[in-house]
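Colleague: Let me begin by handing over the structure; questions about it come next.
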Amino acid sequence: MFLKEPSTPEAAEFLAKELAQSGYVMNLERAWAWRPDVAEAFVELRKRLIGNSSLSPREVALLVCASVSALGDSYCSLAWGAKLAKLGDAALAAKVLSGGNAPGLSAREEALRRWAGQVVADPNATRSADVDALRAAGLSDKEIFEATAFIAFRVAFSTVNDALGASPDAQLAAEAPAEVRSAVTYGRHAR
């Protein structure tokens, strides 16, 4: 990471909590320890976006994988690729992370995958026909809004991590299936 680890009491408390939850302090948490209140607000926002949505856990994992791979964010690709592998299979997660077509996705999931790529690449280039394609795949307007907000949320979160040099944790990479690790050829390397 490019920043020094903060030495404030708030940071120490935040990092101790993270250590207790996962058994190690994630590299990205060292950056977020500069503003634990903002880190906690991000977690709360993610819970709100997912908690009241009719998007399935697999659709959410797919959205994250499609978004962060389009950004070239290896950290979130490894973390969420492992989640998508558990909700589908490792080969499917690897295909999504590689940015190509992923046989095994439903029409609805494929529409979400394409939408995530479009929103990340150039949100100003989207057209009403793109939203119509989401509707045709079975997504409601509320779900389209939620998917778009979630994509934007992931872009913001990943941008902070990537810009400040947070490398994927060695533990995180080790826990990801081999297919997922092989698909993540972009971004920073695990440390």
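Colleague: Taking Rg and Dmax of the Cα atoms in Å as the quantity of interest, determine which of [x] 16.1, 45; [y] 24.3, 90; [z] 16.7, 52 was computed from the displayed structure.
Modeller: The listed entry that was calculated here is [z].
Colleague: What ranking do 22-34, 162-174 get when scored by the average of other Cβ atoms within 10 Å per residue, highest first?
Modeller: Ranking the peptides 22-34, 162-174 by packing returns 22-34, 162-174.
Colleague: May I ask which of Lys17/Lys83; Lys17/Lys95; Lys4/Lys95 have a Cα-Cα span longer than 31 Å here?
Modeller: Violating the 31 Å limit, Cα to Cα: Lys17/Lys95; Lys4/Lys95.
Colleague: Counting other beta carbons within 10 Å of each residue's own, what order do Arg48, Arg35 fall into, fewest first?
Modeller: Fewest to most other Cβ atoms nearby, the residues stand as Arg48, Arg35.
Colleague: So, one more: Can you give the relative contact order of the stretch 55-183 as a percent, counting alpha carbon pairs under 8 Å and 6+ residues apart?
Modeller: 38
Colleague: What's the exposure ranking of Arg191, Arg46, going from fewest to most Cβ atoms within 10 Å?
Modeller: With the sparsest Cβ surroundings first, the list reads Arg191, Arg46.
Colleague: Among Gly100, Leu139, Ala116, which residue has its Cα furthest toward the positive end of the charge dipole of the stretch 19-154, with +1 on Lys/Arg Cβ and -1 on Asp/Glu Cβ?
Modeller: Result: Gly100.
Colleague: Oh, and also: What's the angle, to the nearest 10 degrees (0 to 90), between helix 74-87's Cα axis and the longest principal axis of the chain?
Modeller: 60
Colleague: At 0.36 nm per residue, and after removing the present C-alpha to C-alpha distance, how many nm does the segment from Tyr24 to Ala121 gain when stretched out fully?
Modeller: Net length gain for the segment: 31.6 nm.
Colleague: Anyone know which of Val64, Val38, Val180 comes out most mobile in the 10 Å Cα GNM of the chain?
Modeller: Result: Val38 has the largest fluctuation of those listed.
Colleague: Angle, helix 107-121 long axis vs. longest principal axis of the chain, Cα atoms, 0 to 90°, nearest 10?
Modeller: 60
Colleague: Calculate the dipole size of the chain relative to its Cα centre from +1 charges on Lys and Arg beta carbons and -1 charges on Asp and Glu beta carbons; express the result in debye to the nearest 20.
Modeller: I would put it at about 240 debye.
Colleague: Using θ = phi - 60° and the Karplus curve 6.51 cos²θ - 1.76 cosθ + 1.60, what whole-Hz ³J(HN,Hα) does each residue of the stretch 125-138 get, with Gly and Pro shown as x?
Modeller: 8, 5, 10, 4, 5, 5, 5, 4, 5, 5, 4, 4, 7, x
Colleague: Which length gain, in nm to one decimal place, applies between Gln171 and Glu40 when the Cα-Cα distance is subtracted from 0.36 nm times their residue separation?
Modeller: Using 0.36 nm per residue and subtracting the Cα-Cα distance, I get 44.9 nm.
Read-outs throughout are calculated quantities, based only on the coordinates presented, and are distinct from any laboratory measurement. Since this is a predicted model, take the numbers as computed values, not measurements. Glycine also receives a Cβ, built like all others from the backbone with ideal geometry; neighbour counts cover every protein chain displayed.
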